[in-house]
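See below for the structure under consideration.
The values are calculated or read from the model by the stated rules, or taken from the named source; none is laboratory data. Remember, it's a predicted structure, so these values are computed and weren't measured experimentally. Backbone-built Cβ (ideal geometry, glycine too); neighbour counts: all protein chains shown. Note: areas computed on protein heavy atoms with side chains; ligands, DNA, RNA excluded. Shrake-Rupley method; radii C 1.70, N 1.55, O 1.52, S 1.80 Å.
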Amino acid sequence: MKNLLTVLILFIASLNAVAQDILLEAESFDNPGGWVVDPQFVEQMGSPYLNAHGMGKPVKNASTAVEFKKSGTYHIWVRTMNWVPGEWEAPGRFQLKVGETVLDTVLGTRSGWGWQYAGEAKINKKQATHIELQDLTGFNGRCDAIYFSTKKDTPPSSTKKLAAWRQEITAQPNAPEEVKSYDLVVVGGGLAGCAAAIAGAEQGLKVALIHDRPVLGGNASEEIRVHTLGIYGNFERILKKIDTEHYPNGSADAKLDQEKRDKNVKSYDNIDLFLNWRAYDALSEENSVKYVDARQTFTGERKRFTAPYFVDSTGDGWIGFWAGAEFSYGRESVDTYGEHWEEHGELWSPKEADNAVMGSSVLWGSKDTDSPQSFPEVPWAMPVSKDYSEVNGEWQWEFSRNDLSQIDDAEEIRDHMLRAIYGSFSSAKKDEVNENRKLEWVSYLVGKRESRRLVGDHIFTFNNAKEGTEFPDGVVIETRAVDVHYQTVLEDENNPDFISEALFYRGPQYYIPYRSLYSKNIKNLFMAGRNFSCSHAGLGGPRVMLTTGQMGAAVGYAASLCKKYEVMPREIYTGYLQEYLDLIEEQKYEKIPTSKK
Amino acid sequence: MIRIALGFLLFVTHFCDAQFGSPVAFSDSQEKTVLETSPEFFILDWKPNTALHISETPLEIITDSVGAQKVNLFRDNTEAPILYSSNIITPVCADGDCKFMHITLYWTLLGDYAGFDRSVKEPLTKHDHDEFLFSDYWKLHDLLKDDNSILKRRAIDELVTKPKPSKIEGVDALSGATVKEVKESVVSGALYSCYVAWHLVHGKIKEQLKAYTVEQLNEEMLVRMLNSEHTNYQMYALENLDQNQYKVNFSRVSELFKSGIPLVRSFIIKNLANSFSQSPTTMQPFWDALPYIDINTRSLLLQHVDFASDATVTHISTQLSVLTRNQLLKYLEHLGSKKVISTEVLKNLEQFAASNKEKNAYLVTEFLEDNS
Ligand SMILES: Cc1cc2nc3c(=O)[nH]c(=O)nc-3n(C[C@H](O)[C@H](O)[C@H](O)COP(=O)(O)OP(=O)(O)OC[C@H]3O[C@@H](n4cnc5c(N)ncnc54)[C@H](O)[C@@H]3O)c2cc1C
């Protein structure tokens, strides 16, 4: 399939006016070898890319075969970046092999995403040309695309110009050609998205679940490895299908629950699961989402999804953002919702609003072995890790800074964490007690806690949690203490900037109203997960994954009633609340199959 | 074992008197009605030649089996309140063994932990009756300084649970955060003493002390706090001084902008946001501090770059290395909005763009391309 698409793109390119030009997307390589496809930052840098995430050991070559329409001498550019420019060799260096020749140029050495000239090669159209990426370091070299041209015109680097250029060169039409229709389209397969899909499907909706990873669960997945906290509330039956045990964050035990979760979601005939599909656009007309467009992260294949109702469970509120939903980011001033907590003052809720949010994490771990293990010097990591020395990470490994957006600057945030990890581990290795220690696993995915929050009819605040406000439509219930994180460097500049601390508030049981789970201004848009309608401090409790899972299940049921009466989410609150609450009550019990009645 | 000990800890609260008889020994500093040197473990600044004398307050701390223990206020020779203190005796039990803990605790005027004096006659002891080493007292001091310690939000039995062992291959040695965090923060073998002491220091009394201070608060006390090296005093003063008092104390405020912790700095700049447009020249010390302050505060400062003097804007062009990517973009955006960019600024930009050591040089190169 991949093969077919790569060729297709090339074929289209060859029909284009500049027939001697070929754009090869790295994520579509036939065989990525040890490189991973990294689609986390497409909105910022333009495309998924291949990332040599070898944790210090060069990864196996990625390879592919390309058929050229014309023989000749081609100039070659690679879209790449040096992710830590400075007074050291770039950490992510690699080389390109074209046919039998390894080009001399060491790639991954330009600062900022853009095209690096790799050299030229003679190409013979008679047989497919073999292309390989040879990683030199194992430290996250990145390759987005390779461009072959008989002319020596460097392609544009700026993201805007590049997008237009890409579209032109691949001769892609604006709209995806394939359109798929559903009752409910759920985007983002974290706990919230999975629960929404299951709840909707159980009520007979035809559901599409679009998720940009190969496995489900978001932060709970084996790729990020956070265990699920919170209570089941009204939705124990569903949430037990997708939750995790309480292992330490970062534990390899996450793999066990992964199998359970994926199997359970796949067992629903009326959920069409689109794994490795990332939504990249949504359009609203008259304040209703009309469609969501998504792209396969490896092949670039595109589809359009239409439905009367959509759930945004992307964490970053992407669907809402594209559709023009009201949203907020950062900390409100203490007066906005009166979220003062004397004991922690400014650290808890500031006098003036700002851009601070809870940060993102990259979890990691090492293990002791029977023999000495080496780890390379990482001079480029030391300015971040300084004299910190550690052999494992936990949730406190977290990074946020006012000038960094957890969405727009997520790649810089991830990279900062990688420097913190590699530097700290390298320092720990200097201690002889760690001689046999091996860096076992470092995630390359950022685990996020807080970014965009879409605005609903009700904004859930810290006070709602503190007072246990009993809403008539309180469909989510939680007892877990509220905790909000801050970077410890705010109190003491000698602390590492990547370590956070939590402030816990133990309050009563609290409730989240249904009105916080649909958009205020986009009529057919639900939201579940950390992008639900809340204030910064309000997110402190409900961001944990069983609570967000409850939100998902709650909107799944609401969507089924919306369909039944052909109404919009708000009308479930204004006109069908009792029926909705009864439906939630009823779902607690496994239905007896008709055959067994 | 641990659970039994905990049961005993609760049990002993009722039978303590019977078991111990009346506690007689008092902390050595009990008789101290004048403080001429700082407490042995102390976080505030102590000026030489200070002498504080004791006065009474209506406040007290009730400890298990011992009852009410007075909280006193130490004042200086101008009668200004400086420090709260209480001589505490309280039972601590572990593994079926109970002892009295003697300690003199000190709080700031805002009810924060200020320090403690140990009792030479009745030193603190650990699990196995070993006496605290001097380093153990230091560790206790460190623990008490942390008002957000894990001891706050966990019952004592939760502090000693071990994580479940890993079921499958993979990452090992990921000890539960709790156990590791606790180990790092308490005196080894003295979890119970640490737990009791922390809850005494950070218990209800905190709020009562602060409320008592607030009743007597006046401008002089606020200014004293502003001039203190203690962050919570600085912050409290900054939050409570009115506009006029800000003006009068501006030199100290701008000094704090440079020397304070990031939280204090960002509070100041947010609080004075309007002054950048209203009285740009007064804010010059803020611009002078640009290279010395933390990144978050620098971002807040750069939000006001449109109100900076030409000289300052030029000066920033010599400091581009300290700016993060987004800060540099903000600065370039400001330059881009100007009709003309001075030759001096241009020269500095070109120099920066030409450097192959600067991570963000490419941004300046692009800017120069777009604006040439
Ligand atoms: C290190 C760490 C420790 C934490 N500790 C805990 C803990 O112990 N217990 C707990 O319960 N919670 C914990 N949390 C918080 C919790 O994990 C998050 O708040 C929660 O996962 C948010 O849930 P979500 O479903 O909204 O988002 P996510 O879990 O992030 O799921 C959203 C998913 O959507 C996908 N997606 C995003 N955009 C698109 C798109 N355009 N197209 C397709 N798919 C998309 C993403 O890949 C992601 O997998 C922790 C978080 C971190 C980072």
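Structure above, values below:
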| read-out | value |
| --- | --- |
| Pair list, Cβ < 7 Å and 6+ apart or interchain, from the range A:319-340 residues that are at positive phi to residues that are outside any loop (DSSP other than H, G, I, E, B) | A:Gly324/A:Ser284; A:Gly330/A:Asp354; A:Gly338/A:Asn463 |
| Output for the range A:208-252, where each listed residue is open to solvent by less than 10 Å² (accessible area, probe 1.4 Å) and touching a Phe, Trp or Tyr at 6+ places or on another chain (Cβ under 6 Å) | A:Ala208, A:Ile210, A:Leu239 |
| Any hit, the range A:168-183, residues being within 30 Å of A:Gln587 (Cβ to Cβ), assigned to a strand (DSSP E or B), in contact (Cβ under 8 Å) with a residue 40 or more places away in the chain and away from chain B (no Cβ under 14 Å) | yes |
| Sole residue being at pLDDT 90 or above, closer than 19 Å to B:Tyr195 by Cβ and among the acidic types (Asp, Glu), chosen from B:Asp128, B:Asp146, B:Asp117 | B:Asp146 |
| Criterion violated by A:Trp322 - all others in (1) within 13 Å of the ligand (Cβ to nearest atom); (2) part of a strand (DSSP E or B) satisfied | (2) |
| Qualifying positions in the range B:314-332 - touching a Phe, Trp or Tyr at 6+ places or on another chain (Cβ under 7 Å) and at the interface with chain A (Cβ under 10 Å from one of its Cβ atoms) | B:Leu323 |
| Condition met for A:Glu590 (away from the ligand (no atom under 16 Å from the Cβ), surrounded by fewer than 18 Cβ atoms within 10 Å (Cβ to Cβ), in contact (Cβ under 8 Å) with a residue 12 or more places away in the chain and assigned to a loop (DSSP other than H, G, I, E, B)) | yes |
| Identity of the residue in the range A:237-262, without any contact (Cβ under 8 Å) to a residue 12 or more places away in the chain and more than 26 Å from A:Pro48 (Cα to Cα), that ends up farthest from the other protein chains (Cβ to nearest Cβ) | A:Lys240 |
| Any hit, the range A:76-90, residues being open to solvent by less than 20 Å² (accessible area, probe 1.4 Å), more than 20 Å from A:Phe41 (Cα to Cα) and over 34 Å from the mean Cα position of the chain (by Cα) | no |
| Members of the range A:297-317 that are within 11 Å of the ligand (Cβ to nearest atom) and either open to solvent by 30 Å² or more (accessible area, probe 1.4 Å) or free of Cβ contacts under 8 Å to residues at least 40 places away in the same chain (or both) | A:Thr314 |
| Strands (runs of 3 or more DSSP E) contained entirely in the range A:406-522, each with at least 1 residues that are surrounded by 24 or more Cβ atoms within 10 Å (Cβ to Cβ) and more than 14 Å from chain B (Cβ to nearest Cβ) | A:474-478, A:510-513 |
| All positions within the range B:115-145 that are in a helix (DSSP H, G or I) and either open to solvent by less than 10 Å² (accessible area, probe 1.4 Å) or in contact with a Lys or Arg (Cβ under 8 Å, 6 or more places away or on another chain) (or both) | B:Asp136, B:Tyr137, B:Leu140, B:His141, B:Leu143, B:Leu144 |
| Odd one out for B:Glu369 among (1) open to solvent by 60 Å² or more (accessible area, probe 1.4 Å); (2) in a loop (DSSP other than H, G, I, E, B) | (2) |
| Counted residues, the range A:79-104 - those being away from chain B (no Cβ under 11 Å) and in contact with a Phe, Trp or Tyr (Cβ under 7 Å, 6 or more places away or on another chain) | 3 |
| Boolean, A:Leu561 is within 16 Å of the ligand (Cβ to nearest atom), more than 14 Å from chain B (Cβ to nearest Cβ) and part of a helix (DSSP H, G or I) | no |
| Residue in the range B:274-292 that is in a helix (DSSP H, G or I), without any contact (Cβ under 8 Å) to a residue 12 or more places away in the chain, more than 22 Å from A:His416 (Cβ to Cβ) and within 14 Å of another protein chain (Cβ to nearest Cβ) present | yes |
| Residue within the range B:195-207 that is over 30 Å from B:His127 (Cβ atoms) and either modelled with pLDDT of 95 or more or open to solvent by 40 Å² or more (accessible area, probe 1.4 Å) (or both) present | yes |
| Pairs where the first residue, in the range A:212-236, is closer than 17 Å to A:Gly393 by Cα and within 14 Å of chain B (Cβ to nearest Cβ) and the second is open to solvent by 30 Å² or more (accessible area, probe 1.4 Å) and within 6 Å of the ligand (Cβ to nearest atom), C-beta under 8 Å, 6+ apart | A:Val226/A:Asn219; A:Val226/A:Trp395 |
| Residue list for the range A:273-283, restricted to those being within 14 Å of the ligand (Cβ to nearest atom) and in a strand (DSSP E or B) | A:Leu273, A:Phe274, A:Leu275, A:Trp277, A:Arg278, A:Ala279, A:Tyr280, A:Asp281, A:Ala282 |
| Hits in the range B:51-82 - residues which are outside any strand (DSSP E or B) and free of Cβ contacts under 8 Å to residues at least 12 places away in the same chain | B:Thr78, B:Glu79 |
| Number of positions in the range A:229-264 that are within 13 Å of the ligand (Cβ to nearest atom), within 23 Å of the chain's Cα centre (by Cα) and not acidic (Asp, Glu) | 14 |
| Members of the range A:94-111 that are under 23 Å from B:Lys357 (Cα atoms) and buried (at least 19 other Cβ atoms within 10 Å of the Cβ) | A:Phe94, A:Gln95, A:Leu107, A:Gly108, A:Arg110, A:Ser111 |
| Index of the failed condition, B:Phe307 passing every other in (1) more than 10 Å from every other protein chain (Cβ to nearest Cβ); (2) closer than 30 Å to A:Thr488 by Cβ; (3) surrounded by fewer than 19 Cβ atoms within 10 Å (Cβ to Cβ) | (2) |
| Identity of the residue in the range B:333-360, within 14 Å of chain A (Cβ to nearest Cβ) and modelled with pLDDT of 90 or more, that ends up nearest to the chain's Cα centre (by Cα) | B:Asn360 |
| Residue ID - farthest from the ligand (Cβ to nearest atom), chosen from residues in the range A:523-558 that are part of a helix (DSSP H, G or I) and over 20 Å from A:Gly200 (Cα atoms) | A:Ala537 |
| Complete set of residues in the range B:233-267 that are in a helix (DSSP H, G or I), crowded, with 18+ Cβ neighbours inside 10 Å and within 11 Å of chain A (Cβ to nearest Cβ) | B:Met235, B:Tyr236, B:Leu238, B:Pro262, B:Leu263, B:Val264, B:Arg265, B:Ser266, B:Phe267 |
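Here's the yes/no breakdown for (1) open to solvent by 60 Å² or more (accessible area, probe 1.4 Å); (2) within 16 Å of the ligand (Cβ to nearest atom); (3) more than 10 Å from every other protein chain (Cβ to nearest Cβ):
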| residue | (1), (2), (3) |
| --- | --- |
| A:Ser333 | no, no, no |
| A:Tyr337 | yes, no, yes |
| A:Leu347 | no, no, no |
| A:Asp368 | yes, no, no |
| A:Pro372 | yes, no, yes |
| A:Pro376 | no, no, yes |
| A:Val384 | no, no, yes |
